[in-house]
Ligand SMILES: [Zn+2]
């Protein structure tokens, strides 16, 4: 499943090619994605509008249209976006095709159809049901050790589950939570209510470091993730603990352990992480 670094990589690719292009047509081959796509709204409000910018909020891509509409795209588990010359024929799971004049198109392909596409306005965007509950972005000033300390007060949740809660901070998925906790030298099971400011400082820095490094490596490719140019990421070669159970820790040589928390695999070094 694409996480924040993968979505940010895709955003950067789209941001190089889409601004200045006008949506000249939309074809919806399958409207039943995770939510039903409002085909009439796309025809009425997206067609004929110029794309101004491509932004991101959590794992949602925000394609900003002139003057005040926002096309929200989410890749779900297996979604892909392609920008290129119009294809000769549609592939089986090509669900949405946005024509951008005669020579370019944006294609949304999704085998499992957990992806999403909504159209809203700038005014309604902050209240959109998919976005309104989201916590701060990990690279924003709102994401700080003081904020995390305050937010964790009185909670007994394990720190890994806390970190993966989108209401606390967006974009820290399973891989990046394990990696951040390794860098911060915290065991994934530590109860958040008992962590001190110094722990949160380490964790805050670690989350930003891990996500930044992953973005620089164009994300992590395990199965079918590719960016908008069809390229794979390479962060999977930089992982300290994720997927490395039974292998030696790069820091102290102890064997990396795996355990299951909230139904997801967690990986940690029993030597480095307390
Ligand atoms: Zn270690």
Some residue of the stretch 249-272 being assigned to a loop (DSSP other than H, G, I, E, B), at positive phi and away from the ligand (no atom under 16 Å from the Cβ) = yes
Sort out which residues of the stretch 245-259 are surrounded by 12 or more Cβ atoms within 10 Å (Cβ to Cβ) and farther than 17 Å from residue 188 by Cβ, and write them in order of number.
-> 248, 250
Failed item, numbered, when residue 241 is tested on (1) at pLDDT 95 or above; (2) assigned to a loop (DSSP other than H, G, I, E, B); (3) out of contact with any strand residue (DSSP E or B) (no Cβ under 7 Å at 6 or more places or on another chain) = (3)
State whether the residues of the stretch 216-231 include one that is within 16 Å of the ligand (Cβ to nearest atom) and not in a loop (DSSP other than H, G, I, E, B).
-> no
Positions within the stretch 99-120 being closer than 20 Å to residue 20 by Cβ and either at pLDDT below 95 or not in a strand (DSSP E or B) (or both), in sequence order = 100, 101, 102, 103, 104
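The values are calculated or read from the model by the stated rules, or taken from the named source; none is laboratory data. The shown structure was predicted, so the numbers you read here are calculated from the model rather than taken from an experiment. Here Cβ is always computed from backbone atoms with ideal geometry, including for glycine, and neighbour counts include all displayed protein chains.
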